[in-house]
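All remarks here apply to the structure that follows.
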Amino acid sequence: MERKPNITLSSLDLDRIESLLEKNNSQFPGRDALEAELDRADVLDPAEMPANVVTMNSTVRFTMLESGKSSTLTLVYPKDMDGSADRVSIFAPVGIALLGLSVGDEFKMPSPTGQVTVRVDDIEFQPERAGELHR
């Protein structure tokens, strides 16, 4: 079994995601995976969050290594999904996988053609780095 990269969450993000899960009693694809990620995360105060970690509302550039294709997405809560192609929900498999990763981390995820390896290349915006600690 492949070892997953360590992940770090802010206590604010953790509280908000757990609250969403409590309110959303229905199952959704990936719920178990999201709960497992929350359980294994290192948790820090938002003011202590390293600038190279993907947090909620971060804009992340990543590359699918097999194809070399790069994408940029902003990780958002479901209520902030507005149909934009540049946003991904924390309830989506890609959102679950990105949360808490650091620049340089790689992870494997399923795709229509099998598995793809994704590398986090840059965090173009992170709320904590911008001083938005209580968003």
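Matching residues to (1) of a type in the set (Ser, Thr, Tyr); (2) closer than 22 Å to residue 127 by Cα:
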site: 10; (1), (2): yes, yes
site: 22; (1), (2): no, no
site: 29; (1), (2): no, no
site: 55; (1), (2): yes, yes
site: 66; (1), (2): no, no
site: 84; (1), (2): yes, yes
site: 92; (1), (2): no, yes
site: 96; (1), (2): no, yes
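For the condition on the phi < 0 side of the Ramachandran plot and surrounded by 15 or more Cβ atoms within 10 Å (Cβ to Cβ), what is the one hit in 115, 126? Reasoning before the result, please.
On the way: 115 fails: surrounded by 15 or more Cβ atoms within 10 Å (Cβ to Cβ).
Just one listed residue meets the conditions, 126.
Reported count of residues in segment 83-135, each being within 12 Å of the chain's Cα centre (by Cα), part of a strand (DSSP E or B) and modelled with pLDDT of 90 or more, is 6. Among the residues of segment 1-42, which ones are loosely packed, with under 13 Cβ neighbours inside 10 Å, of a type in the set (Ser, Thr, Tyr) and not in a loop (DSSP other than H, G, I, E, B)? Selection gives 19 alone. Pairs, please: C-beta under 6 Å, at least 6 apart or cross-chain, first residue without any contact (Cβ under 8 Å) to a residue 60 or more places away in the chain and within 10 Å of residue 61 (Cα to Cα) and in segment 109-126, second open to solvent by 30 Å² or more (accessible area, probe 1.4 Å) and not aliphatic (A, V, I, L, M)? These pairs meet every condition: 119/106. Scanning segment 57-116 for residues that are of a type in the set (Phe, Trp, Tyr) and in contact with a helix residue (DSSP H, G or I) (Cβ under 6 Å, 6 or more places away or on another chain) turns up 91, 107.
The values are calculated or read from the model by the stated rules, or taken from the named source; none is laboratory data. Bear in mind the structure is a predicted one, so any value in this text is a computation, not a measurement. FYI the Cβ positions are ideal-geometry reconstructions off the backbone, even for glycines, and counts take in every protein chain you see. Heavy atoms of the whole protein, side chains included, go into the accessibility calculation; ligands, DNA and RNA do not. Shrake-Rupley method; radii C 1.70, N 1.55, O 1.52, S 1.80 Å.
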